Amino acid sequence: MAGYEQLVNAFTTLVVTIDPPGLAPIFLGLTHGMTDLERRRTALRGTLIAFGILTVFAIAGEAILSTMGISIGAFRIAGGLLLFAISFEMIFDRREARKQKTSETAVVEDHVHNLSVFPLALPLIAGPGAISATILLAGSFHTPVDRIELIGVIGICIMLVLVSLTVASRIDRFLGRSGRAILTRLLGVLLAALSVQFVIDGLKSVV
């Protein structure tokens, strides 16, 4: 079984990468004009799809990499750099603008009926950062029991996303613009440190 510290690290990495509070205002913009029931259904469907995507990569991520001839060490370095780029966006307040642009494009192209799939499930919840983090974490969860625990951690993170989307209007009012900016920057610094650790672990395994 995975250790307590390992599980906490996995939970922290995924929560910071997915950023449930940061999704709340974007979700409100995406679902503008929907009733509360329609919003809840969209949030539930989107989070279930995202959970399925991340679960697949938690189970088969390493197999996919090995098929492509990519070592887990190389992916740790690449994934760490990708997560560092995301943390850079969070610290300098560029990530929300990028997500907002993605959501506006999706409204034009796919309309409201498909919002739960794109862009909510992919790429807003299960985006490149979350997928990379999942594969990286799976490399440290070797046994079937460990993988089940990792899937459990993913499930908890997705539940937090669902709660965040369900009470999105309240979270947005509570945090306000200043609160969201402060929280995003704090999480960005934490993600930057975690991403550097991934790169260090990758270099160790390669060397």
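The values are calculated or read from the model by the stated rules, or taken from the named source; none is laboratory data. Everything numeric here is computed off the predicted structure, so don't read it as measured data. Backbone-built Cβ (ideal geometry, glycine too); neighbour counts: all protein chains shown. Ligands, DNA and RNA are stripped out before the accessible areas are found, and what is left, the full protein with its side chains, is counted by its heavy atoms. Shrake-Rupley method; radii C 1.70, N 1.55, O 1.52, S 1.80 Å.
Some notes on this structure:
- Calculated mean residue ellipticity, 222 nm, the chain: -28000 deg cm²/dmol, from DSSP H runs (n ≥ 4) at -39500 (n - 2.57) each, averaged per residue and rounded to 500.
- Based on C-alpha pairs under 8 angstrom that are at least 6 apart in sequence, the chain has a relative contact order of 48 percent.
- Per atom type, the chain shows carbon and sulfur on 68% of its accessible surface, probed at 1.4 Å.
- Model label points for Asp36 and His142, set 7 angstrom from Cα along the Cα-to-Cβ axis, are 5.1 nm apart.
- Solvent accessible area, Å² - Asp36, 1.4 Å probe, full protein context: 100
- With all protein chains modelled, accessible area of Leu37 [1.4 Å, Å²]: 80
- Per principal axis, descending, Cα span of region 11-59 in whole Å: 37, 19, 12
- Translational diffusion of region 6-91 was estimated from the Stokes-Einstein equation, with Rh taken as the Kirkwood radius over Cα pairs; at 4 °C and 1.567 mPa s the coefficient is 84 µm²/s.
- Residue list for region 20-45, given a label point 7 angstrom along the Cα-to-Cβ vector of Ile182 and an amide N cut-off under 14 Å: none
- Legend: residues Met68, Met159, sorted from most to least accessible area (1.4 Å probe; ligands, DNA and RNA excluded), read Met68, Met159.
- 1.4 Å probe accessible area per residue over the chain, in Å²: 51
- Accessible surface, 1.4 Å probe, highest first, among residues Glu62, Glu38: Glu38, Glu62
- Calculated from the structure at hand, Rg and Dmax of the Cα atoms in Å is found among [x] 16.8, 52; [y] 16.8, 55; [z] 18.1, 54 as [y].
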